[in-house]
Amino acid sequence: MTAFRLRALLEEDRPWLSQFWVEHWGDEIMVVHGEVFRAADLPGFAAEQDGQIVGLVTYQIRGGEVEVLSLDSLRPGQGIGRALLGAVVQAALADGCARLTLITTNDNLDALRFYQRLGLRLRAIHAGAVEQSRKIKPSIPLVGNDGIPIRDELELDLALDSEEAAGIASFAQTVLQ
């Protein structure tokens, strides 16, 4: 396993961040719970390995909570996603947040396994939410991973004062620069 390093996104990263979202999410905007997010407007962290971006996380903090809006690891199984999530936990704790939330879609079984292994819990199922999001962003595919129709948003959360959150943050500290 080659080492990687984490760093906060910088203003000069905004053009490639928009392009990254287009390549990996199909557009530079994302619609989550009926709200539109632009990649270039969000704080986040990048993971770099051998001079290349190999992972990215974006988030927003509001109302004492942090919401992870995107998490991508381009080299699965190396701890990149876990470290990026840990960097967000650290930022959220520094901002006084008590809880981390995120949304994934019903077809994203790999993400559900990953998040639950880290201690996040399923909080809510928003049936039909993706169908509503398509009214704002028609490019959202009808069918996703494993041929599963994309229909619903699954909300997961994690208390930031939990042992699981401390473990995630600690892991990130080993690579955050």
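The values are calculated or read from the model by the stated rules, or taken from the named source; none is laboratory data. The structure displayed is predicted, hence computed values, not measured ones. Cβ placement follows ideal geometry from the backbone for every residue including glycine, while neighbour counts extend to all protein chains displayed. Quick note on the areas: whole protein, heavy atoms, side chains included, nothing else; ligands and nucleic acids left out. Shrake-Rupley method; radii C 1.70, N 1.55, O 1.52, S 1.80 Å.
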Answer in debye to the nearest 20: the dipole magnitude of the range 68-177 about its Cα centre, from +1 Lys/Arg and -1 Asp/Glu charges placed on Cβ, is 180
Accessible area expressed per residue, the chain, with surrounding protein chains retained (probe 1.4 Å, Å²): 50
Which ³J(HN,Hα) values, rounded to whole Hz and listed in residue order, are derived for the range 138-155 from phi using the Karplus coefficients 6.51, -1.76 and 1.60 in 6.51 cos²θ - 1.76 cosθ + 1.60 with θ = phi - 60°, glycine and proline given as x? x, 6, 5, x, 7, 10, x, 4, 6, x, 7, x, 8, 10, 10, 9, 10, 9
Calculate, in nm to one decimal, what residue 117 and residue 74 gain on full extension: separation in residues at 0.36 nm each, minus their alpha carbon distance. 13.6 nm
Quick one: net charge of residue 105's neighbours, Cβ under 10 Å, K/R +1, D/E -1? -2
Residue-by-residue Karplus 3J(HN,Hα) for the range 33-49, coefficients 6.51, -1.76, 1.60, Hz, glycine and proline x: 6, x, 10, 9, 10, 9, 3, 5, 9, 9, x, x, 9, 10, 9, 10, 9
Give me the compactness ratio for the chain, meaning the Cα radius of gyration over 2.2 N^0.38 Å. 0.98
Net charge around residue 15, counting only other residues with Cβ within less than 15 Å of its Cβ (Lys, Arg = +1; Asp, Glu = -1)? -4
Before anything else, pin down the relative contact order of the chain: Cα pairs under 8 Å, at least 6 apart, normalised by residue count, whole percent. 23
Order the following by accessible area, largest value first: 105, 58. Probe radius 1.4 Å; ligands, DNA and RNA are ignored. 105, 58
Check: the range 1-128 dipole with +1 on Lys, Arg Cβ and -1 on Asp, Glu Cβ, in debye: 640
Which ³J(HN,Hα) values, rounded to whole Hz and listed in residue order, are derived for the range 16-29 from phi using the Karplus coefficients 6.51, -1.76 and 1.60 in 6.51 cos²θ - 1.76 cosθ + 1.60 with θ = phi - 60°, glycine and proline given as x? 6, 4, 4, 5, 4, 5, 4, 5, 9, 10, x, 5, 8, 10
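Decide, for the range 123-177, between rounded, prolate and oblate: order the square roots of the alpha carbon gyration tensor eigenvalues as a ≥ b ≥ c, take rounded if a/c falls under 1.5, and otherwise choose prolate if a/b is larger than b/c, else oblate. All intermediate terms of the calculation are to be shown ahead of the outcome.
Numbers: a/c = 3.00, a/b = 2.22, b/c = 1.35.
Prolate.
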When the solvent-accessible surface of protein heavy atoms is calculated with a 1.4 angstrom probe, in what order do 168, 148, 125 fall, highest first? 125, 148, 168
Computed label-point distance, nm, for sites residue 127 and residue 164 using a 7 Å Cα→Cβ extension: 2.5
Using 1/(1 + (r/R0)^6) with R0 = 22 angstrom and r between the beta carbons of residue 136 and residue 24, what's the FRET efficiency to the nearest 0.05? 0.70
Whether the range 3-97 is rounded, prolate or oblate, judged on the alpha carbon gyration tensor where a/c under 1.5 counts as rounded: oblate
Non-local amide H neighbours of residue 151 (under 5 Å, H modeled in plane, Pro and chain starts lacking H): which ones? 106, 107
Contour excess over end-to-end distance, with Cα ends at residue 109 and residue 8 and 0.36 nm allotted per residue: 33.6 nm
